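Notes follow once the structure below has been shown.
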Amino acid sequence: MADETSAETSAETSEQALPAPIIHITRDPLDGEAIRALEQAVTTAGAGGIVTFAGVVRDNARGKRVRALEYDAYPEMAESEMARIAAEVAQRWPESALAMVHRIGPLAIGECSVVVVAACPHRAEAFEACRYAIDALKASVPIWKKEIYEDGQEWVEG
Amino acid sequence: MADETSAETSAETSEQALPAPIIHITRDPLDGEAIRALEQAVTTAGAGGIVTFAGVVRDNARGKRVRALEYDAYPEMAESEMARIAAEVAQRWPESALAMVHRIGPLAIGECSVVVVAACPHRAEAFEACRYAIDALKASVPIWKKEIYEDGQEWVEG
Amino acid sequence: MQVRIRYFAALREAVGEAEEALDLPDGATVAQARGLLAERRPALAKLLPACAAAVNRGYAQAETPLSDGAELVFIPPLGGG
Amino acid sequence: MQVRIRYFAALREAVGEAEEALDLPDGATVAQARGLLAERRPALAKLLPACAAAVNRGYAQAETPLSDGAELVFIPPLGGG
């Protein structure tokens, strides 16, 4: 819109620059407001589909009643692994914009532990990029989960 | 938690009932607050993964600069088709909870036209259910899109 | 018998109305209604071939018979999402 | 030479400390550090075999040589997400 004479050549891909990936390990709650802010931060005028994954603390796991969770991270390496994943996403889906935030510390049932947002021109890419990023995060980012039960606690995989 | 003696048998699947699907055609904005409300409405204590798809009005399409959009619907049939899709999702992913809302009327660039939220115990199901629902919506729900350009307008497919 | 036709999107703009009543012979099918409408409404003749049809708010085939009072809608190519 | 070992999650709870310095012969590998640590820290002996290793904040192989001042972390099975 800023330069109408260039509308014809620039219409295919929006001329707004893609935002850099947002990567954080945080102790702050990932509440609705925080998730919305991430979505807004990755959404450009050329984004047609936004896929958000929110991982939430469930009340049960492996047949056991979970009362609460605690996440720990190796924060410097976690952020560098997340940056590596974001670079892979940018290479595979060049028009994507990505946010990945993982919360650590104590979490209650129903609270959000991780958010991944992918914004892309089309929905197929947005689903694929978001799924790729959360799968890669779970596979390689040094974060750990301790489940706290009625009668004990355990660091668990997955 | 309400009945501790039944914790062992009920731990695998959370005892909280799944909410009924949320289905709407609306003229109200699908802003951050509205999306958050949908996410909360489908999230039970057994939900571990929530996938949200938001379709957003882009500034370009098919090489043309889009100034704004207008959506029209056959509202009664649109809602019954969406209910049919929700029933299919419930059959394929029995532990899922789903919300599908499509906005109609005039929309500006960057505004959200459609939101689909799927909440499931695990992330793979949530991605699949959300993707299935938005793909099915686009394939069968009677909603139409008029693109408004600098120099004209057109009802377009897809 | 008579069916109620409702128009949406490109069809409504072409017709300039949101609905109308269409008189049909008893037992007429969706295909017959489509043919009659294309004759009566030249503005629709080019649009109707690309349209699906819905009877009483569900998709219908060309050979679906209509009944008195049915709601018939021709559905142009979809654009939701 | 000396490397800095940092402990997280189950390893930190087992050791009761967040980090320590480990003296190693020059040119020692990740595998040698792991062996030495299992001897010095019996609490870790059961946990270390399931751990990956990271040197200077990137995943490393057993045969990766360490250098003086490196940061070495044994990474228990991941639980992020």
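The values are calculated or read from the model by the stated rules, or taken from the named source; none is laboratory data. Computed from a predicted structure; not experimentally measured. Here the Cβ positions follow ideal geometry from the backbone for every residue, glycine too, while neighbour counts run over all protein chains shown.
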| message | When the residues of the stretch A:47-62 are narrowed to those that are part of a strand (DSSP E or B) and among the aliphatic types (A, V, I, L, M), which ends up nearest to the chain's Cα centre (by Cα)? | response | A:ALA54
| remark: Among strands (runs of 3 or more DSSP E) completely within chain C, the ones holding 2 or more residues that are under 24 Å from B:LEU69 (Cβ atoms) and not basic (Lys, Arg) are C:52-55, C:71-75
| said: Quick check on A:LEU18: is it more than 9 Å from chain B (Cβ to nearest Cβ), buried (at least 18 other Cβ atoms within 10 Å of the Cβ) and within 20 Å of B:ARG123 (Cα to Cα)? | reply: no
| Looking at the stretch B:46-57, which of its residues are facing chain A (nearest Cβ under 7 Å), within 25 Å of B:GLU154 (Cβ to Cβ) and touching a Ser or Thr at 6+ places or on another chain (Cβ under 7 Å)? | B:GLY55, B:VAL56
| query | Within the stretch A:34-46, is there a residue that is more than 30 Å from B:GLY63 (Cα to Cα) and either acidic (Asp, Glu) or assigned to a loop (DSSP other than H, G, I, E, B) (or both)? | reply | no
| message | Here are the criteria: (1) modelled with pLDDT of 95 or more; (2) more than 27 Å from A:CYS120 (Cα to Cα). Tell me which single one B:ASP72 does not satisfy. | response | (2)
| query | Considering the stretch B:25-69 alone, what residues qualify as being surrounded by 16 or more Cβ atoms within 10 Å (Cβ to Cβ), of a type in the set (D, E, K, R) and under 30 Å from B:CYS120 (Cα atoms)? | reply | B:ARG36, B:GLU39, B:ARG58
| remark: Expected single match for touching a helix residue (DSSP H, G or I) at 6+ places or on another chain (Cβ under 6 Å) and either modelled with pLDDT of 95 or more or under 22 Å from A:ALA17 (Cβ atoms) (or both) among A:ALA118, A:ALA41 is A:ALA118
| B:GLU111 over 23 Å from B:ASP59 (Cβ atoms), within 18 Å of the chain's Cα centre (by Cα) and in contact (Cβ under 8 Å) with a residue 60 or more places away in the chain | no
| So is C:GLU19 acidic (Asp, Glu), within 14 Å of chain B (Cβ to nearest Cβ), out of contact with any Leu (no Cβ under 6 Å at 6 or more places or on another chain) and surrounded by fewer than 20 Cβ atoms within 10 Å (Cβ to Cβ) or not? | yes
| field | Options A:GLU88, A:GLU125: the member that is surrounded by fewer than 19 Cβ atoms within 10 Å (Cβ to Cβ), more than 10 Å from chain D (Cβ to nearest Cβ) and either in a helix (DSSP H, G or I) or among the hydrophobic types (A, V, I, L, M, F, W, C) (or both) | value | A:GLU88
| request: Tell me which residues, restricted to the stretch C:1-16, are more than 11 Å from the chain's Cα centre (by Cα), in contact (Cβ under 8 Å) with a residue 12 or more places away in the chain and surrounded by 13 or more Cβ atoms within 10 Å (Cβ to Cβ). | output: C:MET1, C:ALA9, C:ALA10, C:ALA14, C:VAL15
| said: Among (1) in contact (Cβ under 8 Å) with a residue 40 or more places away in the chain; (2) of a type in the set (Lys, Arg); (3) within 12 Å of chain A (Cβ to nearest Cβ), there is one condition D:ARG57 misses while meeting the rest; what is its number? | reply: (1)
| message | When you scan the stretch B:72-79, do you find a residue that is more than 21 Å from B:TYR132 (Cα to Cα), of a type in the set (Ser, Thr, Tyr) and surrounded by fewer than 18 Cβ atoms within 10 Å (Cβ to Cβ), even just one? | response | no
| From the options B:VAL114, B:VAL101, residue that is touching a Lys or Arg at 6+ places or on another chain (Cβ under 8 Å) and within 24 Å of B:GLU154 (Cα to Cα) | B:VAL114
| Does A:ALA139 satisfy the criteria of being of a type in the set (Gly, Ala, Ser), touching a Ser or Thr at 6+ places or on another chain (Cβ under 9 Å), surrounded by fewer than 19 Cβ atoms within 10 Å (Cβ to Cβ) and over 22 Å from A:ASP28 (Cα atoms)? | no
